[in-house]
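FYI, it's all coordinate maths here, none of it is from the lab. Remember, predicted model here, so these are calculated numbers, not experimental data. Methodologically, a virtual Cβ is constructed for each residue, glycine included, from the backbone with ideal geometry; neighbour enumeration extends over all protein chains shown.
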């Protein structure tokens, strides 16, 4: 034998992999649609045309560096759907050895898919004060993101949403970690 598995072994491994990836409990007929929706929510990216400027990098909602403010129009992918909307954003992220961490993102949108893009959030762990974290109630798991915003009258805002990746991979195996798949009636 040359060290490679025989054909019967390969077929068994393939059958087990297919059974794991397409669980029978997903028999709602919505399995592929829900996995596609989960995958579309992993990345949010939109182009911005605005009055103002913003340059910021975030690694989770707790650590951000940069800031700015702008008001304008956006077009792109938000909450798994394409759309165009108006947005007003104020950002400030500070990391300092002497004073601590602060990350603020205040967002107001009109007409965005899902009524918000990232939602507003604030984290503060300033020296001598207890840490605080607040976010819009519709985004309880959004703290696990990596985000880059670069706007000077025109620009881009892109966000990799790690929690949505976990939801997508959980869905492959019949789970719904974020409990955002549609309920099956019947």
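Note on residue 75 and residue 165: the model spin-label points, each 7 Å out from Cα along the C-beta direction, lie 3.0 nm apart.
Our summary of shape: the Cα atoms of segment 36-186 have principal axis extents of 56, 37, 20 Å, ordered from largest down, in whole angstrom.
Divide the volume of the convex hull around the Cα atoms of segment 99-173 by the residue count and you get 137 Å³ per residue. Each of residue 134 and residue 43 was given a label point 7 Å from its Cα along the Cα-to-Cβ line. The distance between the two points is 3.4 nm.
Shape analysis of segment 80-123 based on the Cα gyration tensor places the equivalent ellipsoid semi-axes at 28, 9, 7 Å, largest first.
Mind giving me the FRET efficiency for residue 10 and residue 144? R0 is 35 Å, r the Cβ-Cβ distance, nearest 0.05 is fine. Could the numbers behind the result be given before it?
On the way: r = 37 Å, r/R0 = 1.05.
Step by step, r from the Cβ atoms, then E = 0.45.
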